[in-house]
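The values are calculated or read from the model by the stated rules, or taken from the named source; none is laboratory data. None of the values given here were measured: they were computed from a predicted structure. We place every Cβ from the backbone using ideal geometry, glycine too, and count neighbours over all the protein chains shown. For accessibility, only protein heavy atoms count, side chains too; no ligands or nucleic acids. Shrake-Rupley method; radii C 1.70, N 1.55, O 1.52, S 1.80 Å.
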Amino acid sequence: MKILITGGAGFIGSHVVRRFVNSYANYAIYNLDALTYAGNLENLRDVENRPNYTFIKGDIVDEAFINKLFKTYHFDGVIHLAAESHVDRSIADPLAFVRTNVIGTVNLLNAARNAWGADFLGKRFYHISTDEVYGSLGSEGLFTEETPYDPNSPYSASKASSDHFVRAYGETYGLPYVITNCSNNYGPNHFPEKLIPLFINNIIEKKPLPVYGDGKYTRDWLFVEDHAMAIDLVFHKGKNHQTYNIGGFNEWQNIELVKLLCNLMDKKLGRLKGKSEELITYVKDRPGHDLRYAIDATKINKELGWKPSVTFEEGLERTIDWFLNNKEWLNHVTSGEYQKYYKKMYN
Ligand code: NAD
Ligand code: TYD
């Protein structure tokens, strides 16, 4: 089986590539990534020389290139993760999100459709999406696969649009697809612009921890390896033309999570209890900030037997240890362009 994984040099994509390369010696895994600021081949050092792994640098928006790629390699499956993924950047530059998340996805759909012919036998297009397409919950309730789409940020609007295109290609052309909508991931290799890795980095550097608004926003956190496990399962066992929600059964208010992180980091760094909490700084809220996300992952649990395997305590500890043991990785990604981004966003 030849599988194209897009965005494999990014945070979640690198864990998916590693899992597939390690688990399926008889598959050929092709990682297509444009290596934007978020893509980093250092994430895949341990598998880069494996015989079943090939890296291809390229942009999913480049129509001629994508069509040629499908004609050259005859992929059996696509696992599509490439995206612009950060809400705050989408507020600053929405068009970049339309370009990659919408046009890039439609390019891939067209290329798959053209290359796979009419019967689509043995083929699968797997689109990775987010719970943010469902909009915001109040203090009660959970997102199910039936929750109507109601995206609020340019990021979630672009992901919702790409989900609709994937579904439409299933309905219109019979393309065999599957979509998963997952909650917030965390773990090793997470780019330090998202809450958990940004705050780990700032605690190490004793920099302010910018909590948006009153900090009472709630997210449902899942360890990235458990997401990769779910993706493996859905790719092999999920039903065509279906959506599955994936979540951590693990809701945290931002401020409570930040305090937990501060305590764990104080212990790891040998600092006095309460020291890192002094860095908490309430800043201007994100516009259109969704109050709460929480996933009902009953369907994937009942149909495919998936549930998270890593507790939050264990996952956070492994994440912190990874960042403390990979200072070189952190230094590489937080130099140059990152400094300009940080100044623009937070000063
Ligand atoms: P990321 O930003 O860490 O990685 C995205 C990757 O895509 C990078 O390697 C980047 O170089 C690549 N890329 C970007 N534009 C490209 C283009 N035009 N052509 C080719 N490659 C391109 O993102 P992530 O957090 O790993 O998210 C991966 C996917 O999972 C996304 O589709 C995202 O919407 C989805 N998702 C993320 C989360 C989360 O918590 N991070 C949760 C649910 C769903
Ligand atoms: P983030 O990691 O950007 O993920 P998402 O917006 O996709 O859920 O943010 C998680 C939560 O943390 C969200 O409620 C916004 C908040 N947040 C802050 O309070 N400060 C920050 O500097 C960042 C990046 C996020």
Inset, instruction - Just give me the residues in segment 158-181 being among the hydrophobic types (A, V, I, L, M, F, W, C) and touching a residue at least 40 places away in the same chain (Cβ under 8 Å), in sequence order. - result: Phe165, Val166, Leu175, Val178, Ile179
Inset, instruction - Please give the number of the condition Lys299 fails out of (1) away from ligand 1 (no atom under 15 Å from the Cβ); (2) buried (at least 17 other Cβ atoms within 10 Å of the Cβ); (3) within 20 Å of the chain's Cα centre (by Cα); (4) farther than 30 Å from Pro94 by Cα. - result: (3)
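So that you can scan it fast, the table gives a plain yes or no per residue for (1) out of contact with any Lys or Arg (no Cβ under 8 Å at 6 or more places or on another chain); (2) open to solvent by less than 10 Å² (accessible area, probe 1.4 Å); (3) within 13 Å of ligand 1 (Cβ to nearest atom); (4) hydroxyl-bearing (Ser, Thr, Tyr):
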position: Ala34; (1), (2), (3), (4): no, no, yes, no
position: Val47; (1), (2), (3), (4): no, yes, no, no
position: Arg50; (1), (2), (3), (4): yes, no, no, no
position: Asp62; (1), (2), (3), (4): yes, no, yes, no
position: Gly104; (1), (2), (3), (4): yes, yes, yes, no
Legend entry - Selection count, segment 178-227, where residues are within 16 Å of ligand 1 (Cβ to nearest atom) and more than 24 Å from Ser90 (Cβ to Cβ): 5
Inset, instruction - Would you be able to say whether some residue in segment 287-303 is away from ligand 2 (no atom under 16 Å from the Cβ) and of a type in the set (Gly, Ala, Ser)? - result: yes
Inset, instruction - May I ask you to list the residues in segment 111-129 that are open to solvent by less than 50 Å² (accessible area, probe 1.4 Å) and polar (S, T, N, Q)? - result: Ser129
Inset, instruction - Among the numbered conditions (1) out of contact with any Phe, Trp or Tyr (no Cβ under 9 Å at 6 or more places or on another chain); (2) more than 16 Å from ligand 2 (Cβ to nearest atom); (3) without any contact (Cβ under 8 Å) to a residue 12 or more places away in the chain; (4) open to solvent by 30 Å² or more (accessible area, probe 1.4 Å), tell me where Asn347 comes up short. - result: (2)
Inset, instruction - Starting from residues that are of a type in the set (Asp, Glu) and over 23 Å from Asp232 (Cβ atoms), keep the ones in segment 60-110 and report whichever is nearest to the chain's Cα centre (by Cα). - result: Glu84
Inset, instruction - State which residue is farthest from ligand 1 (Cβ to nearest atom) when the search covers only segment 251-293 and only residues that are buried (at least 20 other Cβ atoms within 10 Å of the Cβ) and in a loop (DSSP other than H, G, I, E, B). - result: Asp290
